[in-house]
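Data first, discussion second: the structure below is written as structure tokens.
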């Protein structure tokens with residue numbers, strides 16, 4: 001019988017495979033930390049025409065055991081970043097962090113692309 005965590009890990013592995021197979025985006029890499037598919041390190045490029053342009057932003061992404069039915073537990077930049085959607089502990093905050101705005105169709109790619117887009121155009125929804 002498949003547990004909730006097993007389902008989340010399977011979804012995560014599928015998402016990671018899709019990113020590796022078709023990575024024509026701002027995502028440089030996404031890898032599990034210590035083999036844990038629900039704890040990921042990611043790197044994205046800085047959006048053009050922003051203070052982050054030409055930079056590489058490293059992110060610590062924690063997914064819940066209920067993924068993809070629940071939003072990420074945390075999205076934290078691994079370095080200091082000044083941005084309206086980033087709090088004092090470098091945690092990214094936006095509507096996708098809230099259950100009422102989360103959709104089970106969201107993937108790891110769409111989470112990271114959302115972060116990238118908010119870096120380019122800050123949202124007041126944090």
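Any chance you could count how many residues in the stretch 12-22 are out of contact with any helix residue (DSSP H, G or I) (no Cβ under 9 Å at 6 or more places or on another chain) and either in contact (Cβ under 8 Å) with a residue 12 or more places away in the chain or closer than 18 Å to residue 115 by Cα (or both)?
Number satisfying all stated conditions: 1.
Does residue 5 satisfy the criteria of being exposed (fewer than 15 other Cβ atoms within 10 Å of the Cβ), out of contact with any helix residue (DSSP H, G or I) (no Cβ under 8 Å at 6 or more places or on another chain), in contact (Cβ under 8 Å) with a residue 60 or more places away in the chain and not in a strand (DSSP E or B)? So that I can check it myself, show each step before the final result.
Details: exposed (fewer than 15 other Cβ atoms within 10 Å of the Cβ): yes; out of contact with any helix residue (DSSP H, G or I) (no Cβ under 8 Å at 6 or more places or on another chain): yes; in contact (Cβ under 8 Å) with a residue 60 or more places away in the chain: yes; not in a strand (DSSP E or B): yes.
Answer is yes for this residue.
Got a number for residues in the stretch 53-77 being more than 17 Å from residue 31 (Cβ to Cβ), touching a strand residue (DSSP E or B) at 6+ places or on another chain (Cβ under 8 Å) and touching a residue at least 24 places away in the same chain (Cβ under 8 Å)?
Count: 2.
For the stretch 32-46, which residues satisfy the criterion of being surrounded by 14 or more Cβ atoms within 10 Å (Cβ to Cβ) and in contact with a helix residue (DSSP H, G or I) (Cβ under 9 Å, 6 or more places away or on another chain)? Lay out the reasoning, then the answer.
Of the residues in the stretch 32-46, the ones surrounded by 14 or more Cβ atoms within 10 Å (Cβ to Cβ) are 32, 37-46.
Result: 32, 37, 38, 40, 42, 44, 45, 46.
Would you tally the residues in the stretch 92-105 being within 15 Å of residue 64 (Cβ to Cβ), in contact with a strand residue (DSSP E or B) (Cβ under 9 Å, 6 or more places away or on another chain) and either in a loop (DSSP other than H, G, I, E, B) or at pLDDT 95 or above (or both)?
Qualifying residue count, the stretch 92-105: 0.
For the stretch 12-37, how many residues meet the condition of being in contact with a strand residue (DSSP E or B) (Cβ under 7 Å, 6 or more places away or on another chain) and farther than 29 Å from residue 53 by Cβ? Walk me through how you get there before you give the answer.
So in the stretch 12-37, the residues in contact with a strand residue (DSSP E or B) (Cβ under 7 Å, 6 or more places away or on another chain) come out as 12-13, 16, 19, 26-33.
When the remaining residues are screened for being farther than 29 Å from residue 53 by Cβ, the result is 12-13.
Count: 2.
For the stretch 23-47: of the residues being assigned to a loop (DSSP other than H, G, I, E, B) and without any contact (Cβ under 8 Å) to a residue 60 or more places away in the chain, which is farthest from residue 106 (Cα to Cα)?
Restricting attention to the stretch 23-47, the residues satisfying the condition of being assigned to a loop (DSSP other than H, G, I, E, B) are 23-26, 34-35, 46-47.
Okay, now just the ones that are also without any contact (Cβ under 8 Å) to a residue 60 or more places away in the chain, so 23-24, 34-35.
Working: 23: 17, 24: 18, 34: 24, 35: 22 Å.
Ranking the qualifying residues of the stretch 23-47, first place goes to 34.
Here are some residues: 59, 111, 27. Which one is closer than 26 Å to residue 6 by Cβ, modelled with pLDDT under 95 and buried (at least 16 other Cβ atoms within 10 Å of the Cβ)? Don't jump to the end; show me each part of the working.
Working: 59 fails: modelled with pLDDT under 95; 111 fails: modelled with pLDDT under 95.
None of the other options fit; the residue is 27.
Is it fair to say residue 118 is within 18 Å of residue 36 (Cα to Cα), part of a helix (DSSP H, G or I) and either in contact (Cβ under 8 Å) with a residue 40 or more places away in the chain or out of contact with any strand residue (DSSP E or B) (no Cβ under 7 Å at 6 or more places or on another chain) (or both)? Full working, then the answer.
Working: within 18 Å of residue 36 (Cα to Cα): no; part of a helix (DSSP H, G or I): yes; either in contact (Cβ under 8 Å) with a residue 40 or more places away in the chain or out of contact with any strand residue (DSSP E or B) (no Cβ under 7 Å at 6 or more places or on another chain) (or both): yes.
For residue 118, the condition - within 18 Å of residue 36 (Cα to Cα), part of a helix (DSSP H, G or I) and either in contact (Cβ under 8 Å) with a residue 40 or more places away in the chain or out of contact with any strand residue (DSSP E or B) (no Cβ under 7 Å at 6 or more places or on another chain) (or both) - is not met.
Testing residue 49 on (1) exposed (fewer than 13 other Cβ atoms within 10 Å of the Cβ); (2) over 26 Å from residue 2 (Cα atoms); (3) modelled with pLDDT of 95 or more, one condition comes back false. Which one is that?
(3)
The values are calculated or read from the model by the stated rules, or taken from the named source; none is laboratory data. Keep in mind that what you see is a predicted model, and the values were worked out from it rather than measured. No Cβ is skipped: glycine too gets one built from the backbone with ideal geometry, and neighbour counts run over all protein chains shown.
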